[in-house]
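Enquirer: Shown below is the structure under consideration.
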Amino acid sequence: MVTVYKRELAGFFHTSMGYVFLGVFMALSGLIFYVGNLRPLSGDLLGFLSQLTLLLMLLCPLLTMRLICEERQKRTDQLLLTSPVSLTAIVLGKYGAAATVLLASVLLTHVYVLIIGVYGTLYLGEWFVGYLGFILQGLSFLALDMLVTCFAKNQLSAAMAAFAANFMLWLLDVLAQYVPVGLPADALRFISLYGRYEPFILGQLSYASILFFITFIVASLVATIHVMDARRFSQGGAA
């Protein structure tokens, strides 16, 4: 797993995708911070993190689109699937590399946290809860997007499909407002990633949401492993 992780992490920066992701993330988050915090002189950290959800939904597919499809385009996927390294190690290594780049971008946003702390009031409780929810939501998007890319033929279609999946999970919370009150609405809110993130941006530490995010991540990664295993089996049968 460590070997796969190092190779994938290096690949992000050898292809400049890592730098592009970090640069775009910081540029857009800086714009959001300026409009929502600097311009109105607001120290609302949780409001800032709430707006960054849109960046996760939009940019996480850029990290996952190459993880599976690049191997297929280079025709190295068969070598990877038949290597002595387990599929679990391959998936976790690839996911870990993407997660590292995402966490690096989260770390860089603390420039804005410092500005709030210097010129306003920073509440450590809000900082901890807000960033915990933000990170869990981002890792959930990555796990989902990695699963989606298993079904794509190229990197562009992988990115588009992943964004569509992210958008649908965000839209569930909106749709819940237009369906009859009761089980249907509750079910939509239950699986909405944004709905699960909402307690954190309200400053509430939700253990139910933490458990949901962790379960969602694990389930998505397990599903990815099974999809890749099915592909290896089919290729082996075809051979």
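Read the figures in this text as sums done on the coordinates, not as results from a lab. Please read all numbers here as calculations on a predicted model, not as lab measurements. In this analysis, Cβ positions are derived from the backbone assuming ideal geometry, glycine residues included, and neighbour counts consider all displayed protein chains.
Enquirer: Sort K153, K6, K94 by Cβ crowding within 10 Å, fewest neighbours at the top.
Expert: Starting with the residue having the fewest Cβ neighbours, the order is K153, K6, K94.
Enquirer: Going by average Cβ density within 10 Å per residue, which order do the peptides 221-232, 187-198, 138-149 take, highest to lowest?
Expert: Top to bottom by mean Cβ count within 10 Å: 138-149, 187-198, 221-232.
Enquirer: When L59, L54 are ordered from fewest to most other Cβ atoms inside 10 Å of their Cβ, what list results?
Expert: L54, L59
Enquirer: When N is the residue count of the chain, what does its C-alpha Rg come to as a fraction of 2.2 N^0.38 Å?
Expert: Here the answer is 1.07, to two decimals.
Enquirer: A further question follows. Multiplying the sequence separation of A219 and F167 by 0.36 nm and subtracting their Cα-Cα distance, what value in nm do you get?
Expert: 16.8 nm
Enquirer: Would you work out which of L41, F134, Y95 lies farthest towards the positive end of the dipole of the chain, given +1 charges on the beta-carbon of Lys and Arg and -1 on that of Asp and Glu, about the Cα centre?
Expert: Y95
Enquirer: Let me ask something additional. I'd like to verify something in the chain: which complete DSSP H helices, judged by Cα projection on the helix axis, reach 20 Å or more and average at least -0.5 on the Kyte-Doolittle scale?
Expert: Counting only whole DSSP H runs, the qualifying helices are 17-33, 45-64, 87-108, 124-149, 155-175, 207-238.
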